[in-house]
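Q: I am attaching a structure below and will ask some questions about it afterwards.
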Amino acid sequence: MTARSGDGDTPGSEEQPVDEQAEFSALLEDSAEDLYEHAPCGYLSTLLDGTIAKINTTLLDWLGYDSTDLVGRKTFSDLLTVGGRLYHETHFAPMLRLGGEISGIALELRTADGSRLPVLVTAAVKTGGDGQPLLIRATVFDARHRRAYETELLRARQQAEREREELRSLNATLQRTLLPPKLISVPGLDVAAHYHIASTDKVGGDFYDLFPLAAGAWGLFLGDVCGKGAAAAAVSSLARYTLRAAAVYDPDPVVVLGNLNTVLSHEYSGDDPRFCTVVFGLLHPDTARGGFTITLASGGHPPALLMRADGSADYLPTPGGQLIGVLPDAQIATTTIRLEHGDTLLLHTDGLTEAHTGRDSEDRYGDDALLDFTRALAPTTATGAVAAIRELLDAFGAGVDDDTAVLAISVQPPAGEDRD
């Protein structure tokens, strides 16, 4: 056939596809021997005692040996590292004899230059017509790229775990900065608090404090910021210091929460509003009759529990209080009570009452169950109440999926009276 040359064509250019097709056809017609010798994997045949009877060129090239170095002179075990030989004798060979085949075993072969070649080995025992085993055939796959991938995967996993631990440490440190290091002592009161961390991966938004004010008064508060993480931590910090500063300026509980509402509304207005629930208390000792008087103001927070010295217990009425930071002029509910000797006041965040108690996600502990719990507990002290709540939270285990803060105060008997 005469090749025609067109514009810019090189004579004979039309013959190139024909040549490529011929080469492709020739590759498909390779001999079985060539397919064996130059397969993309290693082939190895050994006698039953492991002596190498046949090995293909691919595996010889990987190992850097000539066939005369190995065939009839070495066993398969001789090619293994020390650890590989131990595994071969204790696991590989026994399992092969027992089952007749073994697949995907990770081993390391020693090359002629002393380096290590990671491989995956699949082997099978071949039998004669009478069913008696004659030899062992093995396929060897180069696992260097797989080993590199696994090493990199392990390195990445270890790095991720280190970063996770650093994050946990950072979260724990940040959480500690949001809480008072130790509750101050108030003459005539037993005070106790506890912060239950639901997850070490995210900082919660619960906060509390107890601090002195002028003229012998004391301020206390406990709150819960919506959300978790750094954003919630920032709001918690802002709320805590705003409450303390506002109480110093004007300790009226309604004014204090009103100031906090103004700060949050101004600071977090727009597309990323932030709000919290909080209860603030102004505590005055009654020097004439003993005990204390406390005025509580609530901005959407769960009501406080009062456990009386006579063994009764109930929620304090603070209905209608609105979330702090949502509306420019939030409605704030108040109540004033007298705390007698032996009375205990308990404040808590909703992580306690919303704890899961069953497999159903709707099974929550609830306000009624907490009230029954405190009625069985009363009369008690702040220390005893918080200890009992800690045991309750621990009993819920993973059911507590939100951080929980509790703060309790109880009026101690006068000096010289029985405190039991």
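Q: If H341, H348, H196, H38 are ordered by their accessible area, calculated over protein heavy atoms with a 1.4 Å probe, which sequence runs from highest to lowest?
A: H38, H341, H196, H348
Q: Among the lysines, which have Cα under 29 Å from the Cα of K182 when same-chain residues fewer than 8 positions away are ignored?
A: Result set, ordered by chain and number: K202, K228.
Q: Follow-up. Please report, to one decimal in angstroms, the Kirkwood hydrodynamic radius of region 240-382 built from all distinct Cα-Cα pairs.
A: Taking every pair of different Cα atoms in region 240-382, averaging 1/r and inverting gives 16.6 Å.
Q: Quote the charge dipole size of region 216-350 about the Cα centre in Debye, to the nearest 20; the model charges only the Cβ of Lys and Arg (+1) and of Asp and Glu (-1).
A: Charge dipole of region 216-350: 200 debye, to the nearest 20.
Q: Mind checking which lysines have their Cα closer than 23 Å to the Cα of K54? Skip sequence neighbours fewer than 8 apart in that chain.
A: By straight Cα distance, K54 reaches K74, K126.
Q: Here is a further query. To the nearest 20 debye, what is the magnitude of the charge dipole of region 200-269 about its Cα centre, counting +1 on the Cβ of each Lys and Arg and -1 on the Cβ of each Asp and Glu?
A: The dipole magnitude comes to about 120 debye.
Q: Ok, one more. For the chain, which longest stretch is free of loop sites, where a loop site is one of the GluC sites (Glu not before Pro) that DSSP puts outside H, G, I, E and B and that has at most 12 other Cβ atoms within 10 Å?
A: Here the longest run is 30-361.
Q: Could you give the C-alpha radius of gyration of the chain expressed as a fraction of 2.2 N^0.38 Å, taking N as the number of residues it contains?
A: 1.79
Q: Right, next: Exposed loop trypsin sites (Lys or Arg not before Pro) only (DSSP loop, at most 13 other Cβ atoms within 10 Å): please give the longest stretch of the chain free of them, not including the sites.
A: Longest stretch, sites excluded: 74-181.
Q: Further question: Distance from the Cα centre of region 81-147 to that of region 227-244, in angstrom?
A: 62
Q: Another one. Only four residue types carry charge here, +1 at the Cβ of Lys and Arg and -1 at the Cβ of Asp and Glu. Report the dipole size of the chain about the Cα centre in Debye, rounded to the nearest 20.
A: Dipole about the Cα centre, nearest 20: 1560 debye.
Q: What is the helix-to-structure angle for 366-377, meaning the angle in degrees between its Cα long axis and the longest Cα principal axis of the chain, kept from 0 to 90 and rounded to the nearest 10?
A: Tilt relative to the chain: about 60 degrees.
Q: In Å, what is the Rg of the alpha-carbon atoms in region 314-420, and how long is Dmax?
A: 16.3, 51
Q: Still on this structure, I have one more. From the Cα trace of region 41-105, what convex hull volume per residue do you get, rounded to a whole Å³?
A: 90
Q: I'd like the orientation of helix 382-396 relative to the chain: the angle between its Cα long axis and the longest Cα principal axis, in ° from 0 to 90, rounded to 10.
A: Approximately 30 degrees, to the nearest 10.
Q: Next up: Along each principal axis of its Cα atoms, how long is region 53-193 end to end? Whole angstroms, biggest number first, please.
A: Its Cα atoms span 97, 36, 20 Å along the three principal axes.
Q: Can you find, among S265, G229, Q322, the residue farthest towards the positive end of the dipole of region 226-345? Put +1 on the C-beta of Lys and Arg, -1 on that of Asp and Glu.
A: The residue sitting most towards the positive pole is G229.
Q: Taking the Cβ of T293 as the center, what net charge do the other residues with Cβ under 10 Å away carry, scoring Lys and Arg +1 and Asp and Glu -1?
A: +1
Q: How tilted is helix 229-249 with respect to the longest principal axis of the chain? Cα atoms for both, answer in degrees (0 to 90, nearest 10).
A: 20
Q: Next question, about the same structure. In terms of the ratio Rg/(2.2 N^0.38 Å) built on C-alpha atoms, what value belongs to region 73-138?
A: In units of the globular-protein estimate, region 73-138 measures up at 1.19.
Q: Then there's this: Around L222, under 9 Å between beta carbons, what's the net of Lys plus Arg minus Asp minus Glu among the other residues?
A: Combined, the nearby Lys, Arg, Asp and Glu give -3.
Q: Now for a different question. When you take every Cα atom in region 211-261, what is the radius of gyration, and what is Dmax, the widest Cα pair distance, in Å?
A: Gyration radius and largest Cα-Cα distance of region 211-261: 11.8, 38 Å.
Q: Relative contact order for region 254-349 using alpha-carbon pairs under 8 Å, separation at least 6, rounded to a whole percent?
A: Averaging sequence separation for qualifying contacts and normalising by length gives 34 percent for region 254-349.
Q: Show log10 I(q)/I(0) for region 194-307 at q = 0.15, 0.21 Å⁻¹, two decimals, from a solvent-free Debye sum over equal Cα scatterers.
A: Each listed q maps to, in turn, -0.67, -1.16.
The values are calculated or read from the model by the stated rules, or taken from the named source; none is laboratory data. Source: prediction; values computed, not measured. Quick reminder, even Gly has a Cβ in these numbers, built from the backbone with ideal geometry, and neighbours come from all protein chains shown. When the accessible area is computed, the model is the full protein with side chains, heavy atoms only, and any ligands, DNA or RNA have been set aside. Shrake-Rupley method; radii C 1.70, N 1.55, O 1.52, S 1.80 Å.
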